[in-house]
1. Inside the range A:243-327, counting only strands (runs of 3 or more DSSP E) that do not spill past its ends, which hold 2 or more residues that are open to solvent by less than 20 Å² (accessible area, probe 1.4 Å) and either within 16 Å of the ligand (Cβ to nearest atom) or away from every other protein chain (no Cβ under 14 Å) (or both)?
2. Is it the case that A:Asp235 is open to solvent by 10 Å² or more (accessible area, probe 1.4 Å), at negative phi and not assigned by TED's automatic domain parsing to the domain that holds A:His42?
3. Could you please find all residues in the range A:166-217 being part of a loop (DSSP other than H, G, I, E, B), away from the ligand (no atom under 14 Å from the Cβ) and open to solvent by 10 Å² or more (accessible area, probe 1.4 Å)?
4. Yes or no: A:Arg43 under 26 Å from A:Asn388 (Cβ atoms) and either within 14 Å of chain B (Cβ to nearest Cβ) or open to solvent by 70 Å² or more (accessible area, probe 1.4 Å) (or both)?
5. Residue check, A:Met1 against (1) modelled with pLDDT under 95; (2) in a helix (DSSP H, G or I); (3) in contact with a helix residue (DSSP H, G or I) (Cβ under 7 Å, 6 or more places away or on another chain); (4) open to solvent by 10 Å² or more (accessible area, probe 1.4 Å), all met but one. Which one?
6. Please enumerate the residues belonging to the range A:64-94 that are within 16 Å of the ligand (Cβ to nearest atom), buried (at least 21 other Cβ atoms within 10 Å of the Cβ) and either assigned to a helix (DSSP H, G or I) or within 14 Å of chain B (Cβ to nearest Cβ) (or both).
7. I need the full set of residues from the range A:95-121 which are within 15 Å of the ligand (Cβ to nearest atom), closer than 22 Å to A:Ile218 by Cα, touching a residue at least 60 places away in the same chain (Cβ under 8 Å) and of a type in the set (A, V, I, L, M, F, W, C), in order please.
8. Among the numbered criteria (1) in contact with an Asp or Glu (Cβ under 6 Å, 6 or more places away or on another chain); (2) free of Cβ contacts under 8 Å to residues at least 60 places away in the same chain; (3) more than 7 Å from chain A (Cβ to nearest Cβ), which single criterion is violated by B:Pro131?
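The values are calculated or read from the model by the stated rules, or taken from the named source; none is laboratory data. Bear in mind that the values here come from a model prediction, so they are computed numbers and not experimental data. No Cβ is skipped: glycine too gets one built from the backbone with ideal geometry, and neighbour counts run over all protein chains shown. All accessible areas refer to the heavy atoms of the entire protein, side chains included, with ligands and DNA or RNA removed. Shrake-Rupley method; radii C 1.70, N 1.55, O 1.52, S 1.80 Å.
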Amino acid sequence: MSADALAATGSRPDAAGHFGRFGGRFVPEALVAALDELTEAHRTAMADESFRAEFAALLRDYAGTPSLLYPAERLSAKLGARVLLKREDLNHTGAHKVRNVLGQALLTRRMGKTRVIAETGAGQHGVATATAAALFDLECVVYMGEVDTERQALNVARMRMLGATVVPVTTGSRTLKDAMNEAMRDWVANVDGTHYLIGTAAGPHPFPALVRDFVRGIGDEARQQCLDQIGALPDAVAACVGGGSNALGIFHAFVDDPDVRLYGFEAGGEGVTTDRHAASITGGSLGVLHGARTYVLQDADGQTVESHSISAGLDYPGVGPEHAWLHDSGRASYLPVTDDEAMAAFELLCRTEGIIPAIESSHAIAGAAAIAPKLAAELGREPTIVVNLSGRGDKDVHTAGEYFGILGKEQ
Amino acid sequence: MSRIGVAFEKARAEGRAVLVGCMPAGFPTVEGSIAAMTAMVEAGVDVIEVEIPYSDPVMDGPVIQKASDIALAGGVRTADTLRIIEAVAATGAPVVTMTYWNPIERYGVDAFARDLDAAGGTGLITPDLIPEEADEWLAASDAYGLDRTFLVAPSSTDARLAMTVEHCRGFVYATAIMGVTGARSQTSDAAPVLVSRVRQVTELPVGVGLGVGTGAQAGTVGGYADGVIVGSALIRCVLDAPDLGTGLTALRTLGAELAEGVRAPAR
Ligand SMILES: Cc1ncc(COP(=O)(O)O)c(C=O)c1O
């Protein structure tokens with residue numbers, strides 16, 4: 001990473017972790033010392049040449065990055081846009097998430113901690129964390145809502161194979177947000193030797209900035225690949241937004257390129273006008289959740305409302321504070337994509353390119369399809385859109401099979 | 001001096017600690033929680049801490065989570081909590097409110113301070129609000145003369161401890177253990193150390209919470225702290241009871257045991 005890039009990273013958030021009016025730390029005092037320690041470890045690590053070199057080597061030799069930037073020609077023809085897919089689905093463990101867990105595992109070791117805990121919804125972040133824990137010989141405990149352990153039994157088995165302990169969470173709605181609460185509770189009690197390896201660019205400072213710094217390679221690579229492959233920057237960059245890590249990862253390198261439009265696609269579930277969606281920016285309101293001020297799905301009394309999405313990885317009632325800020329500042333646009341739109345895009349990518357995408361990433365494909373005609377009209381030519389294909393769809397085959405009614409003997 | 005301050009002064013004059021008993025608003029029902037808190041006052045609990053139930057209580061252990069879930073499932077609203085505070089304050093006992101921050105932001109910080117003051121509440125204990133994020137609350141609590149209790153923890157540095165205590169009014173809340181709420185068989189060794197660290201930087205009374213469940217533990221904690229804060233053990237009386245009447249009886253028994261505990265000559 002260049003010195004300039006680091007300086008730009010340092011300018012936002014402010015020293016207390018605020019992105020404008022968002023972010024900060026809304027945590028028990030007991031955690032502040034650990035968050036301060038982590039902030040300092042993050043700062044010195046990013047300034048340490050040997051840490052950056054070790055991280056880069058791991059990403060290259062273990063995770064398989066840089067991921068390809070692939071010109072999806074048959075998809076392009078369907079969408080009326082030149083679509084370049086950032087193939088994060090080809091990374092080890094099948095998603096962008098490996099970047100974050102490797103970075104945080106390195107930091108864990110640097111802080112002298114020997115145990116990591118994580119929350120997981122569908123199990124993707126849990127599997128990634130268990131993977132890094134195995135590689136770094138760290139004890140690993142993953143909190144997962146009881147409902148999700150039943151829905152995602154295969155991922156539970158994967159985590160256990162990798163040596164992790166999976167703890168089903170039986171409180172609250174027994175889903176991702178409750179798994180996050182439980183991980184926080186574990187952390188408060190065991191903070192001395194334990195690192196909370198948070199799975200997205202959310203939570204209290206320094207997590208949003210720290211996770212962004214570990215996944216920003218997605219955008220750094222994509223920007224350079226665009227210049228190398230098409231000799232220009234794209235007109236737009238598109239990504240799905242759950243907590244926001246893959247989107248920030250690909251946005252970050254383009255934030256200072258004024259002609260590159262940034263689009264984040266939230267899970268619109270059954271529609272943002274219904275109460276069954278996970279679109280915190282489009283359909284939520286200002287609040288505090290899991291340690292940060294951001295957009296939250298909540299009721300009139302500030303109680304968190306349960307989210308819904310066909311995609312477990314987007315099924316979260318909050319969003320990282322930097323996205324809230326990018327939305328408020330107008331630098332990025334956030335739009336909802338429904339379950340049905342995402343599944344149509346899922347099928348389209350399967351059939352046109354022979355790539356089975358994660359249902360999360362299918363939201364980005366659907367979003368790109370929706371903005372393509374508008375961009376074409378605005379620019380008066382075919383637009384170029386980089387889409388972050390954040391993960392592969394193997395984990396989603398069951399959900400998709402049910403959705404399309406193609407499970408079983410007959411078709 | 002605030003009404004909480006008066007309660008601490010009075011107990012100090014009697015050579016004992018104040019007993020603070022915590023109950024979520026609306027648990028098991030709105031009326032049931034008023035009855036429970038009234039029973040606690042009658043049993044000798046000096047100060048009532050009303051917790052606003054919240055969907056994501058990260059500082060709380062299983063007992064308070066369960067009670068909060070029951071209250072929320074019963075449909076309790078923030079406005080109900082204010083009504084409960086008013087009813088319990090009418091018993092004459094000081095009523096302090098413990099709340100995660102989001103419900104207050106949602107209500108409106110100034111509006112909540114105004115309505116809390118009107119209901120006779122003394123102030124707020126804020127488990128997930130640190131002074132650095134509290135500008136609006138600092139202003140609103142000044143405007144309405146409400147107390148502010150921020151938490152200090154064994155992990156707080158000296159500098160943070162001094163800064164946090166400086167922003168407190170009424171009393172300081174020392175979290176005795178690194179962990180969530182819930183009765184434990186032993187109270188912690190870290191607590192007396194933390195209390196003496198707080199005493200070095202303030203004259204404010206110090207309450208110790210997290211883990212106290214018996215009269216003997218209350219006596220021990222009362223030996224070094226100005227306030228003994230009991231939550232889960234009291235809540236469990238109602239949670240584990242087959243009906244509210246039985247729960248209230250258990251609550252009175254434990255309340256009396258704890259009240260005796262803080263009067264036992266452990267200090
Ligand atoms: C493939 C994939 N994409 C996206 C996400 C959403 O997370 P984020 O918004 O942090 O990128 C997930 C989360 O599990 C995921 O597995």
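1. A:261-269, A:292-296
2. Criteria met by A:Asp235.
3. Scanning the range A:166-217 gives A:Thr170, A:Thr171, A:Gly172, A:Ser173, A:Arg174, A:Val191, A:Asp192, A:Gly193, A:His205.
4. It is false that A:Arg43 is under 26 Å from A:Asn388 (Cβ atoms) and either within 14 Å of chain B (Cβ to nearest Cβ) or open to solvent by 70 Å² or more (accessible area, probe 1.4 Å) (or both).
5. The number of the failed condition is (2).
6. Answer for the range A:64-94, where residues must be within 16 Å of the ligand (Cβ to nearest atom), buried (at least 21 other Cβ atoms within 10 Å of the Cβ) and either assigned to a helix (DSSP H, G or I) or within 14 Å of chain B (Cβ to nearest Cβ) (or both): A:Glu88, A:Asp89, A:Thr93.
7. A:Ala95, A:Val101
8. (1)
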